[in-house]
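Each value in this text was obtained by applying a stated rule to the coordinates, not by laboratory testing. These numbers come from a predicted model, not from an experiment. Counting neighbours? That spans all protein chains shown, and the Cβs are built from the backbone with ideal geometry, glycine included.
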Amino acid sequence: MVATRVIKANPSRPEKKQLEEAARILRRGGLVAFPTETVYGLGANALDEEAVKKIFAAKGRPPDNPLILHIAEEAWLERIAAEVPPLARTLTARFWPGPLTLILKKRRIVPLATTGGRETVAVRMPANAIALLLILRAGNPIAAPSANLAGRPSPTRASHVLHDLNGIVDVIIDGGPTRIGVESTILDLTSGEPVLLRPGGVTREELEGVVGSVRLWSGGGEAFAPGMKYAHYAPRAPLTLIEAGEKGVRAALEVVVRRARLAGKRPGILLLSKTAPSEAHREALVIRLGPGKNVVARRLFSALRELDDHGVDLIIAVGIDEEGLGLAIMNRLRKAATTIIRPRKW
Ligand code: TXA
Ligand code: MG
């Protein structure tokens, strides 16, 4: 057990002196949780094998699930990537700093412990002034997975990190709630064509505006993000996801709520779009996200944690379409779900 300290920092104008202690901990091989524009990260020096192993131990993360390296300057890319193809330059010019992670061939300097044994490296430059200044002061790329216990919803507030990692992480920098709320988009550039491994804060449409068409990773092969095979983003209560549909969404919701009540269970309902109020809502705890997908993304993980805090026995989420940020939002919900209902086929 360590005594976890929370340091507040101003997300728009962080001061060097506020971050100096945290940067020192990183330089000495310790762990620091910090805000990015997507979710909070659990950081360690990416080039220090011993430091990186602490991340895996702290989260209970399987060692074959590689970490994303966060850099503060584009010039650092050559330090860790063996090849930077022209397409990578085009993408970084357009989307960095920002929620786009690129998979490239790694240099030897990046330990295999960081990349889960792979010869490739994931890298991004976060669009958060605290993160950038911290990384710059630390002087090395910072490996950082989301700062939650493995399998739990990603943290979008310092309090979520404290809940999961109190006594485990040395320092948490509190920079307020994160702006985007879902993790970065991961694009693999190590094969002939770009492959979208994880939808995220940069939408598929935005990527395609630059790259032409982007193939969605559909299972199998070497390229995939190993993290996607593990249980993810899950609240404690089992989650039933009702997919968006033309018809039958409301009927499905009512059936699931009624069944829960008959079994003596207290359901929580997560509504992602305008769904007309119904009988079902009166019998359950309801959280409405939105309006708009930006707001849904920003609040999604925190709403899952809130429902757990309320002690509901099961969560029923009603989904949205997959345009724009909808793709990332639905990806997270499907991974969190124990049951998925597709109303059109009902
Ligand atoms: O927005 C984000 O990306 C956040 C913030 C903290 O930057 N980080 C994050 O890290 O979501 P994490 O560890 O929760 O998810 C990283 C994902 C995992 O699914 C992992 O398998 C994949 O990235 N990944 C990392 N390195 C990879 C590689 N070399 N090849 C394929 N997938 C990789
Ligand atoms: Mg994660």
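With neighbour counts taken as other beta-carbon atoms within 10 Å, the residues Tyr233, Tyr40 rank, fewest first, as Tyr233, Tyr40.
Return a whole-number percent for the relative contact order of the range 132-216, with Cα pairs under 8 Å and 6 or more residues apart as the contact set. The normalised contact order for the range 132-216 reaches 17 percent.
Counting only aspartates and glutamates at least 8 places from Lys247 when in the same chain, those with an alpha carbon closer than 15 Å to its own are Asp321. Phi angles of the range 170-184 translate, via the Karplus equation with coefficients 6.51, -1.76, 1.60 and θ = phi - 60°, into HN-Hα couplings of 5, 9, 10, 8, 8, x, x, x, 6, 6, 9, x, 10, 6, 5 Hz per residue; Gly and Pro are given as x. Taking the C-alpha atoms only, the angle from helix 129-138 to the longest principal axis of the chain is near 40 degrees. Shape analysis of the range 109-267 places it in the oblate category; the axes a ≥ b ≥ c from the Cα gyration tensor give an a/c of at least 1.5, with a/b not above b/c. Taking every alpha-carbon pair under 8 Å whose residues sit at least 6 apart, the range 44-123 reaches a relative contact order of 41 percent. Listed peptides 263-270, 5-12 appear in the order 263-270, 5-12 once ranked by packing, highest mean of other Cβ atoms within 10 Å at the front.
Computed FRET efficiency, Cβ-Cβ of Glu83 and Glu50, R0 35 Å: what is it to the nearest 0.05?
0.80
Only DSSP H runs of four or more residues enter the estimate; each adds -39500 (n - 2.57), and after division by the residues of the chain the mean residue ellipticity at 222 nm equals -9000 deg cm²/dmol. Taking a ≥ b ≥ c as the square roots of the eigenvalues of the alpha carbon gyration tensor, the range 82-137 is oblate, as a/c is not under 1.5 and a/b does not beat b/c. Sorting Met1, Met125, Met330 from the fewest to the most surrounding beta carbons within 10 angstrom yields Met1, Met330, Met125. Computed on the Cα atoms alone, the convex hull of the chain gives a volume of 133 cubic angstrom per residue.
Among the listed pairs Lys17/Lys105; Lys16/Lys59; Lys17/Lys53, a Cα-Cα separation exceeding 31 Å is found for Lys17/Lys105. Look at the alpha carbon pairs under 8 Å that are at least 6 residues apart: their mean separation over the length of the chain gives a relative contact order of 20 percent. By the beta-carbon count within 10 Å of each Cβ, the least crowded to most crowded order of Ser213, Ser273, fewest first, is Ser213, Ser273. Net charge of the neighbourhood of Thr4, taken over other residues with C-beta under 12 Å away and scored Lys/Arg +1, Asp/Glu -1, is -2. Under 1.5 on a/c is rounded, so check that first for the range 32-138, then, if it is not, pick prolate when a/b is larger than b/c and oblate when it is not; a ≥ b ≥ c are the square roots of the alpha carbon gyration tensor eigenvalues. Cα axes put the range 32-138 in the oblate bin.
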